[in-house]
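Take a look at the structure set out below.
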Amino acid sequence: MAILEAKDLIKLYVQAENKLYAVNRVDFSAEDGEFIAIIGTSGSGKSTLLQILAGLDRPTSGSVKIRGNDLTKMKADELSRFRGRFIGFVFQKHNLIPQFTALENILVPTVMCDREEIRYEEHLKKLIDGLKLGDRLNHLPNELSGGQQQRVAIARALINRPQVLFADEPTGNLDRENADEVLELLLETRKTIGQTIIMVTHDISIAERADKIYRMDDGHLYLFRDADGKYRRNSYEEAAEMSKVIAGKTPDSSNQ
Ligand SMILES: Nc1ncnc2c1ncn2[C@@H]1O[C@H](COP(=O)(O)OP(=O)(O)OP(=O)(O)O)[C@@H](O)[C@H]1O
Ligand SMILES: [Mg+2]
């Protein structure tokens, strides 16, 4: 069953004379428990798309449904409650709170949404051990290395056992060994929680571990490698053609 379903997403930035379609007619869905990687060049719209899918940003048009709930129709407070309950997000730039220690940062989501059914102590210990943060918990973010900050951000995203975990380059600051260990931890929590993982990554060896790989190109999203391991090199052109046929014209062409 699709846990996440996005239809015809557009994010348009307008600055003076310039129009930029950061996300351009994107349809996307993810099944329960699926691990999906999104690759693509810098500026192609990956972070923008991820933030829209996670309800952190609003699209110009289109819908995003998680378990049938349309995030784009929710009011701000309803949306933030929903996010606290169902969504975890690892930011490309960590976004740790500088005045809080590592442990306090990890626990922030539990203050906003305390889920009684979670045995926090046990869960926290697993995360701390898995992410090798045990001796750094009482340090402030600026006393941590880039990789440690990233691992704190990952623990924070997982503390409420979210059904959908979005991660924007979660292994970007880690060396090979640590990147692989973090991936193993995510795959392990996927096994126990059954969560869906949607990850932007430049690391092709990490992307290859995903069930499916999508690629972003100039705001368009297309399936790059399907669940059977087949690569679809021509699907971008096909998707662009299809959107022309469906819409009569693409947003791009209305812009010229
Ligand atoms: N708030 C904004 N206002 C205007 N343009 C923006 C804004 N945020 C992003 N953009 C533009 O939208 C495009 C997509 O940006 P985005 O951050 O989604 O790219 P990305 O694929 O995540 O890149 P990277 O791999 O470098 O992180 C870029 O051209 C960027 O400059
Ligand atoms: Mg980005």
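The values are calculated or read from the model by the stated rules, or taken from the named source; none is laboratory data. Treat the numbers as computed from the prediction; the structure is a model and nothing was measured. Here Cβ is always computed from backbone atoms with ideal geometry, including for glycine, and neighbour counts include all displayed protein chains.
Observations on the structure shown:
- Residue list for segment 1-20, filter: buried (at least 22 other Cβ atoms within 10 Å of the Cβ) and either within 13 Å of ligand 1 (Cβ to nearest atom) or of a type in the set (Phe, Trp, Tyr) (or both): 9, 11
- So residue 66, is it more than 12 Å from ligand 1 (Cβ to nearest atom), surrounded by 15 or more Cβ atoms within 10 Å (Cβ to Cβ), touching a residue at least 40 places away in the same chain (Cβ under 8 Å) and under 29 Å from residue 14 (Cα atoms): yes
Matching residues to (1) touching a residue at least 40 places away in the same chain (Cβ under 8 Å); (2) farther than 17 Å from residue 85 by Cα; (3) within 16 Å of ligand 2 (Cβ to nearest atom):
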| site | (1), (2), (3) |
| --- | --- |
| 162 | yes, no, no |
| 168 | yes, yes, yes |
| 171 | no, yes, yes |
| 174 | no, yes, no |
| 191 | no, yes, no |
| 194 | yes, no, no |
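- Among strands (runs of 3 or more DSSP E) entirely within segment 1-69, having at least 2 residues that are in contact with a Leu (Cβ under 8 Å, 6 or more places away or on another chain), closer than 24 Å to residue 189 by Cα and more than 16 Å from ligand 2 (Cβ to nearest atom) singles out 18-31, 61-66.
- Hits in segment 196-214 - residues which are at pLDDT below 90, under 23 Å from residue 95 (Cα atoms) and more than 16 Å from ligand 2 (Cβ to nearest atom): none
- Residue within segment 52-60 that is under 13 Å from the mean Cα position of the chain (by Cα), within 11 Å of ligand 1 (Cβ to nearest atom) and modelled with pLDDT of 95 or more present: yes
- Test result for residue 77, outside any helix (DSSP H, G or I) and among the acidic types (Asp, Glu): no
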